[in-house]
Amino acid sequence: MSDLHKAFLRKIREKEATLGLGLLADEGTNGIPKEANIFSLKDHTEENIGLGLHRNRRLGISNNNNGNNCKGKAEDIEIISRYKEVKESFFEHEIIYKNNRQFKIYQRIAKNPKVLLFCHHGAGSSSMTFAQLAQYITKGKNDKNHFNSSTNANNKDENNDEDDTISLFLFDMRGHGDSLPQIDYSLISLVLDARELLEEALVRNNFQSVFLLGHSLGGAVLAKLARSFPNADFIKGLVLLDIVEETAVTSLNNMPKFLDRIPPSFPSISMAVDWHLQSLLHNKDSAKISVPDLLHLDSLTWKADLKSTAPFWQTWFLNLSQNFLDFSGAKLLILSTHETLDKPLMIGQMQGKYQLVVFGHKSDVGHFVHEDVPQQVATCIIDYIRKTVEPEKFMAQEMGFVPKWGGNINQ
């Protein structure tokens, strides 16, 4: 291994350490990955990771809040106010129709839109699962501010550090968020939806390159889309968030049990947030934005009916790993501590076919890794996009050296 390669690996390890990240395979003294460490992650298949459904620890919701009615109402007002501000002001949003199908889409267009990050959420979720992540991506990886009351897509401070190249396009999957339900929830139909919406996004703006970002089921959809999109060369990268085929398929066995245990409704929106923090999420700031979007705010019942999707579960993760590995562009897999690689991904990782980031030592990072630690995930994605689009500039700025890709011939 060359000294340049070793220096590059050392820089990568130092950067990951500052972010609290860990590689799935640690490196030996010569900078060569230790293959034995590939098997070091614990397998939590019964926690329903593939669908964003961890083991449910009941909160014990009750209408009696021990005399804290005023405090509870005030918290509900604060949560709803913040949720609406982000949803309605940070993003440009509208309802669009595609062949008798209705979808809610959200956009955040950069001032100099060269790159599009096209995002797809998982089953039972909605576009707002990416809200905090979107804020950090558009603000830049060094910005530490969260959403606030002055956030407005149409009132940008010209002196701030907003990224001026990366735009985002989000949408609610059929039957989720504010998109209308359908009868068919097969993987093929979900891929068709994503394809038509991606084409819609490309018609609206002249992007130079596209990166796909999918969480859980959304990752399976985009991995298949990446291989079948007509102008595949236009798609430069594919990012999967906490999804591995083998674990996802196994988790389907626990899906009915989980659905039978979730509360059909909640007494208050703050209790809904607390339930998710006990069961699925670890970041209250993210939960206050994403959880209200999962519920009808008048009745506090669920928008998505996951039981109606049951006939199609077995199609969702079919050939996920191979679709990911066969994509010819740059690939990034981000995992929480709750997953292990299946055989195809292990082999692919040994062969260097994709970049792998694992949040390996944090107890507060789960399946919704992009909600739990949005700033760290945003940093990974920004660096990944920069490294793919402008590798020489990225290495010069971040790694401290300028690579020389070959030399002059016949001089």
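Placing R0 at 25 angstrom, the Cβ-Cβ distance between E392 and K114 gives a FRET efficiency of 0.95 after rounding to 0.05. Multiplying the residue separation of D364 and N319 by 0.36 nm and removing their Cα-Cα distance gives an extension gain of 13.2 nm.
Between K257 and K73, what length comes free when the chain is fully extended (0.36 nm per residue of separation minus the Cα-Cα distance, one decimal in nm)?
63.0 nm
Ranked by solvent-accessible area (1.4 Å probe, protein heavy atoms only, all chains present), the residues V249, V273 order from largest to smallest as V249, V273.
Computed from label points 7 Å out along Cα-Cβ, the spacing between K284 and N100 is 4.7 nm. Accessible area per residue for the range 87-134, computed on protein heavy atoms with a 1.4 Å probe, is 31 Å².
Counting only protein heavy atoms and using a 1.4 Å probe, what share of the accessible area of the range 237-389 belongs to carbon plus sulfur, as a whole percent?
Carbon and sulfur: 50 percent of the exposed surface of the range 237-389.
One decimal place: the segment K307-E92 gains 74.3 nm when fully extended, by the rule 0.36 nm per residue minus the C-alpha distance.
The accessible area of S328, taken with all protein chains in place and a 1.4 Å probe, comes to roughly 110 Å².
Average accessible surface for the range 152-291: 37 Å² per residue, computed with a 1.4 Å probe over protein heavy atoms with every protein chain in place. The modelled label-to-label distance for the pair L202/L180, using points 7 Å beyond Cα in the direction of Cβ, is 2.7 nm.
For the residue pairs K87/K303; K84/K284; K104/K139; K104/K387, the C-alpha atoms sit more than 22 angstrom apart in K104/K139; K104/K387. Looking at the range 306-375, the accessible area is 37 square angstrom per residue; that uses a 1.4 Å probe and ignores ligands, DNA and RNA. Label sites at S265 and S328, each approximated as a point 7 angstrom past Cα along Cα to Cβ, lie 5.4 nm apart.
The values are calculated or read from the model by the stated rules, or taken from the named source; none is laboratory data. Note that the coordinates shown come from a computational prediction; the quantities given were computed from them, not determined experimentally. Cβ atoms come from the backbone with ideal geometry, glycine included; neighbour counts cover every protein chain shown. These area figures cover heavy atoms from the full protein model, side chains too; ligands, DNA and RNA do not enter into them. Shrake-Rupley method; radii C 1.70, N 1.55, O 1.52, S 1.80 Å.
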